[in-house]
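**Q** Dropping the structure in here first, questions after.
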Amino acid sequence: MVFRVHFECADLARTTIAQQPDPLWEVLLGLHVLQTDDEPETFGTWRERARARLSAVERDLLALAPPVGYSPDFLTPRAASEGLEAGLTAVAATSPGQLRSELTRLSDAVRLPAWTRRLAGGDSTVMSRVVHGLRSFHRTKIAPQMPMIVSAVEPVVAKHNDTVANEGFEKLIPQLHGALSWSAPVLSVDLPHVDRDLYLGGRGLRLLPSFFCWKYPMMLLDPALPPVLVYPVRNEWARPQVVVRRPDRGRAVADLIGKTRAQVLLGISGGACSTSELAARVGISKASASEHARVLHDTGLVTTHRVGSSVRHMLNQVGADVLAGAKG
């Protein structure tokens, strides 16, 4: 399915490339990443630490930011391009009509907690809590990563600037993402479950790089809002600074010596699982499965995180490499 963005001559002249990520888009997309197990080699360590340190007001935000599908547009106002506090001021000033419309749309897709009804009704106390949660999540989960994020984004954006200056907008499109294609005057965005048209009408398009935009480009749903296309940025050399454990590979291999632990690693490679599920897969006791999974986690071969009262184990890239070597 395709999201088609229709340009006029004025739109090409008014299309811009943001030079750095938007703080509230990074918050929203970070909340999405937090609720998945995707790209463990990129986000695994960050996600594990963020989940362990999620405050109550930050946890409330998860209801407004499901990992797939629609998230309300009011969470990412254009004003955030001027800074976090400007963006939060705009969030707090969201009109009652926009809140009702967007939260109603969200409730059609997911079950919302009772407090969101008060938010939709314009309860300023609830809105203040949402704003506090956004500020806290940025301060504790996003801001500490900003030096790495900036180092990843700046060279990519510089390349995009050069492409536009020397070769034009048409040559830029395939550089941004494989889901984008240009057939004048339409920019097509190949997205799952989205078949829409957006007419820019002379407003131009803001191209916004994002580190936490991890899979597909994203756009706002409301066509009346300032048009923006958020696209993923990766810088391969910067990725290990955030997410990849740097285990002692010799020690990791030594810990793997022995049939049972190799079977445990192979069991985890079959997909994310709880300790009980892992024990059943391998045919060992839950206590033994837990101990072997602990060693594999400590050596950086698997990622383990808590979900409610249980834990989930999943193979990361280092573990996959070791397993592939063992198979070879």
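The values are calculated or read from the model by the stated rules, or taken from the named source; none is laboratory data. On a predicted model such as this, the values are computed, not experimentally measured, just so you know. All Cβ positions, even for glycine, are placed from backbone atoms using ideal geometry, and neighbour counts span all protein chains on display.
**Q** Which residues, counting only those in the stretch 82-96, are buried (at least 19 other Cβ atoms within 10 Å of the Cβ) and touching a Lys or Arg at 6+ places or on another chain (Cβ under 9 Å)? Outline the logic, then answer.
**A** Applying the first criterion (buried (at least 19 other Cβ atoms within 10 Å of the Cβ)) to the stretch 82-96 yields 84, 87-88, 91, 94.
Listed by number, the residues that qualify are Leu84, Gly87, Leu88.
**Q** Moving on. Any idea which of Gly258, Gly283, Gly270 is at pLDDT 85 or above and either surrounded by fewer than 19 Cβ atoms within 10 Å (Cβ to Cβ) or closer than 10 Å to His313 by Cα (or both)? Walk me through it before giving the result.
**A** On the way: Gly258 fails: at pLDDT 85 or above; Gly270 fails: at pLDDT 85 or above.
On inspection, the qualifying residue turns out to be Gly283.
**Q** Hey, does the stretch 129-152 have a residue that's over 18 Å from Pro21 (Cα atoms), among the hydrophobic types (A, V, I, L, M, F, W, C), assigned to a helix (DSSP H, G or I) and at pLDDT 95 or above?
**A** Yes, the conditions are met somewhere in the stretch 129-152.
**Q** Please count how many residues of the stretch 21-62 are outside any loop (DSSP other than H, G, I, E, B), acidic (Asp, Glu) and surrounded by fewer than 21 Cβ atoms within 10 Å (Cβ to Cβ). Give the steps one after another, and end with the answer.
**A** First pass over the stretch 21-62, keeping only residues outside any loop (DSSP other than H, G, I, E, B): 23-34, 40-52, 56-62.
Keeping just the survivors that are acidic (Asp, Glu) gives 26, 41, 48, 58, 60.
The next check asks that each one be surrounded by fewer than 21 Cβ atoms within 10 Å (Cβ to Cβ); those that pass are 41, 48, 60.
Final tally of qualifying residues: 3.
**Q** Looking only at the stretch 157-171, count how many residues are surrounded by 16 or more Cβ atoms within 10 Å (Cβ to Cβ) and either free of Cβ contacts under 8 Å to residues at least 60 places away in the same chain or at positive phi (or both).
**A** 1
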